[in-house]
Amino acid sequence: MTAALRLALTLSLSLLLLGGNADADELWLISANSQQVEISKEVVKQIYLQGEQGRTPLQPVNLVKGEFSRTIFNALVMGLTESRLQSYWSQMRFTGRSRPPLEVENTKALTDYLLNNSNAIGYLVVDDNTQLPDGLVVLLKIDFEK
Amino acid sequence: MFSHYTKSLLIAALLLCPSLAQAQESGFEWSGFGRVVAGYLAEDGMIYGGYDDELSLKPNSLLGLQGEWQFDSKLSLVGQAVLTASDQRDSDIEWLYLNYRLNDHWQVKFGQLNTPFFSYSDVQDVGYAYHWVQLPIEAYPEFLFKKYRGASIRFTPAFERVALDVETYYGSMNDTASVRGNQVDIDLSQIYGVIAKLSYDKYRLSASYHKGEFSYDVPRLNEVRTILTAVGFNTLANQFMSDGTGEYYQLGLSYDDLNVFARSEITYIAQTTNTIADYLSYYLIAGYVFDPVSVYVSFAERTSEEYSIINTVPKGVTPQLDELSIGVDALIDSFAINNRSLSIGARFDSNNNVAFKVEVKKIRGNDFQFDSPLVTKGSAVLLLTSVEWVF
């Protein structure tokens with residue numbers, strides 16, 4: 001296990017204990033855009049760093065801070081802690097370059113948003129029992145071990 | 001003067017706005033940032049970056065408010081005001097510009113903007129955005145023009161794994177800067193530049209070039225020039241030029257991952273005026289993240305080239321000439337700054353966009369204001385702590 005992942009999992013431990021997805025072992029990048037067949041981790045990172053006013057047709061969507069999936073996504077894809085990302089966004093916002101991606105409250109709100117906006121992408125930590133709503137496709141799967 | 005400027009920009013925004021109905025449908029959004037910075041220089045008889053041997057919340061504590069009026073998906077009006085109790089700067093509107101996003105790759109701004117000289121020049125007031133409590137003064141000197149009025153064009157092409165960001169701008173400005181505690185009026189007749197940033201994975205490379213034509217009004221310089229002319233040292237007086245052209249070069253590299261960060265920036269400034277020496281400066285910062293705490297060590301240095309003015313006022317002739325000659329020596333010495341600093345610091349990030357920082361900085365060189373005119377260099381330890389937040 002990498003140090004980065006260990007850190008992410010440590011950060012998330014309290015959330016797991018509070019009822020998070022204890023069997024989770026995959027992070028999925030999802031979208032309603034079935035034309036978008038493949039996407040790499042690096043491309044996803046660039047899309048999310050560009051924020052709300054991105055330079056690709058894909059619109060990144062974040063879960064709110066504290067969500068388990070967001071913590072895992074930050075560690076596995078962004079490679080930065082939440083506080084470093086917040087610093088980055090303060091620089092982007094207060095220099096007028098860009099604003100952080102849209103945030104939604106929970107995974108239900110995320111999947112609803114994606115179903116209504118085919119250019120949007122989001123992420124979810126899933127387990128064996130996860131049922132992806134009809135209309136959404138998986139663009140990238142990232143395994144991680146606890 | 002500013003109210004006239006504000007009015008002009010608002011009128012332009014309304015004219016460009018497609019329709020009032022559309023403007024009403026669009027949104028207005030507030031955001032902001034603040035910092036309370038306490039500093040103490042553990043040495044008497046000198047001042048560094050506005051701090052002396054009395055604990056002070058000035059000059060860096062401030063509150064910033066930013067408002068963005070989105071007319072439609074492409075056009076917005078952005079304004080940022082900074083409120084400060086500092087003696088070295090006034091509370092003022094920092095930005096007020098129209099932002100037009102042509103498409104996903106092109107963005108045009110028009111109005112009053114922050115000069116994007118170096119990596120943190122345009123975000124200097126937002127302490128939450130960087131690790132230090134105080135940006136390295138060696139690389140971010142006080143006299144750099146903080147804002148300009150003009151236009152900028154930004155191009156952000158799309159690539160698979162690499163992000164490129166290129167910006168060019170042109171403008172002018174009349175502004176006041178505080179240089180070693182003295183208010184200096186600066187007239188920037190024109191300034192332009194180009195900034196390129198390339199990001200790949202955890203690395204970020206930036207390079208920029210800027211050129212400006214300026215003149216400035218320094219009371220002390222004018223006084224010495226008047227005295228020298230009055231006593232017949234016209235040639236020497238004429239060498240104390242207060243206008244010229246400056247060229248600014250910058251190269252930066254940074255690395256960020258979950259645990260480690262490192263950043264370096266090298267800047268070179270060449271100017272035709274001989275009252276500011278050409279200089280090379282750089283900083284290196286490296287740190288480790290024990291989330292939510294991060295620690296760092298930083299080194300910065302500024303090395304000036306030899307100044308070209310030779311003091312022709314003789315010593316040992318009369319007490320008055322001695323006094324004048326010593327004054328001229330001190331003035332010439334102040335043009336060339338050679339300074340270095342070593343800092344260690346820590347930052348704690350709470351969950352609600354608030355960060356607490358501490359920094360201990362050892363400084364050595366001549367970038368101080370000294371109580372005694374006979375002292376031209378020294379060393380001191382500066383202790384800083386801050387609370388930074390964004391909202």
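The values are calculated or read from the model by the stated rules, or taken from the named source; none is laboratory data. Source: prediction; values computed, not measured. We place every Cβ from the backbone using ideal geometry, glycine too, and count neighbours over all the protein chains shown. Remember, those area values only see protein heavy atoms, side chains included, never the ligands or the DNA or RNA. Shrake-Rupley method; radii C 1.70, N 1.55, O 1.52, S 1.80 Å.
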Legend entry - Size of the B/A contact, given as accessible area buried on both chains, probe 1.4 Å, in Å²: 3500 Å²
Legend entry - Inter-chain Cβ neighbour average for residues B:119-129, partner chain, 10 Å: 4
Inset, instruction - Convert each backbone phi in segment B:345-361 into a coupling constant with the Karplus relation 6.51 cos²θ - 1.76 cosθ + 1.60 (shift: θ = phi - 60°), then list the ³J(HN,Hα) values in order as whole Hz, x for Gly and Pro. - result: x, 9, 9, 10, 9, 8, 6, 10, 6, 10, 10, 10, 10, 9, 8, 10, 10
Inset, instruction - Have a look at B:Phe290, A:Gly122, B:Gln80 and report the one farthest towards the positive end of the charge dipole of the protein assembly as shown, computed about the Cα centre with Cβ charges (Lys/Arg +1, Asp/Glu -1). - result: A:Gly122
Legend entry - Given charges at Cβ of Lys, Arg, Asp, Glu: segment B:124-203 dipole, positive-most of B:Gly150, B:Val126, B:Ala163: B:Ala163
Inset, instruction - Determine the order of B:Phe391, B:Phe356 by accessible area, beginning with the largest, at a probe radius of 1.4 Å. - result: B:Phe391, B:Phe356
Inset, instruction - Mind jotting down a quarter of the surface of the convex hull over the alpha carbons of segment B:167-219, in square nanometres, one decimal? - result: 5.1 nm²
Legend entry - Whole-number accessible area per residue in Å² for the protein assembly as shown, which is evaluated in the context of all protein chains at 1.4 Å: 45 Å²
Legend entry - Fluctuation leader among B:Leu198, B:Leu135, B:Leu188 - chain B, Gaussian network, Cα springs under 10 angstrom: B:Leu198
Inset, instruction - Considering Cα pairs under 8 angstrom that are at least six residues apart, work out the relative contact order of chain B and quote it in whole percent. - result: 14 percent
Inset, instruction - With springs connecting C-alpha atoms under 10 Å apart, model chain B as a Gaussian network and identify which of B:Val36, B:Val317, B:Val126 has the largest mean-square fluctuation. - result: B:Val317
Inset, instruction - Let me know the mean shielding of A:76-84 by other chains, meaning the per-residue number of their Cβ atoms within 10 Å of its Cβ. - result: 6
Inset, instruction - Would you kindly derive the ³J(HN,Hα) couplings of segment B:207-222 from the backbone phi angles with the Karplus curve 6.51 cos²θ - 1.76 cosθ + 1.60 (θ = phi - 60°), listing them in order in whole Hz, with x for Gly and Pro? - result: 8, 8, 9, 9, 9, x, 10, 9, 9, 9, 10, 10, x, 5, 5, 4
Legend entry - Approximate shape of segment B:287-391 as ellipsoid semi-axes (Cα gyration tensor, √5λ), whole Å, largest first: 43, 13, 11
Legend entry - Folded to 0 to 90 degrees: helix B:319-335 orientation relative to chain B principal axis, Cα: 30 degrees
Legend entry - Environment charge at B:Leu342 (Cβ cut-off 13 Å; Lys +1, Arg +1, Asp -1, Glu -1): +1
Legend entry - In chain B, lysine pairs with alpha-carbon atoms under 25 angstrom apart (chain gap of 8 or more, or interchain): 28
Inset, instruction - Given the options B:Tyr203, B:Tyr48, B:Tyr216, state which has the largest fluctuation in a GNM of chain B using a 10 Å cut-off (strictly under) for Cα springs. - result: B:Tyr203
Inset, instruction - Would you be so kind as to list the residues of segment B:195-235 that have their accessible area lowered by at least 20 Å² in the full protein complex compared with their chain by itself (1.4 Å probe)? - result: B:Lys197, B:Asp201, B:Arg204
Inset, instruction - Report the local net charge at B:Ala151: Lys and Arg +1, Asp and Glu -1, summed over other residues whose C-beta lies under 15 Å from its C-beta. - result: +4
Inset, instruction - Would you kindly calculate the translational diffusion coefficient of segment B:30-112, applying Stokes-Einstein with the Kirkwood radius from alpha carbon pairs, for 20 °C and a viscosity of 1.002 mPa s, and quote it in µm² s⁻¹ without decimals? - result: 142 µm²/s
Inset, instruction - Scan around B:His105 for amide H atoms under 5 Å from its own, H built in the peptide plane at 1.01 Å from N, and keep only partners 5 or more places away or cross-chain. - result: none
Inset, instruction - Please report, in whole Å, how far the alpha carbons of the protein assembly as shown spread along each principal axis, starting with the longest. - result: 96, 52, 35
Legend entry - Net charge of Cβ neighbours under 11 Å - reference B:Ser121; Lys, Arg +1; Asp, Glu -1: -1
Legend entry - Cα point-scatterer Debye curve for chain B, base-10 log of I(q)/I(0) at q = 0.06, 0.09, 0.10, 0.12 Å⁻¹: -0.27, -0.60, -0.74, -1.05
Legend entry - Residue-wise HN-Hα coupling along segment A:139-144, computed from phi with Karplus coefficients 6.51, -1.76, 1.60 (Hz; x: Gly, Pro): 9, 7, 10, 10, 7, 8
Inset, instruction - With only Lys, Arg, Asp and Glu charged, each at its Cβ (+1 for the first two, -1 for the last two), find how big the charge dipole of chain B is about the Cα centre; round to the nearest 20 debye. - result: 560 debye
Legend entry - For B:Phe159, residues with placed amide H under 5 Å, excluding near neighbours: B:Leu164
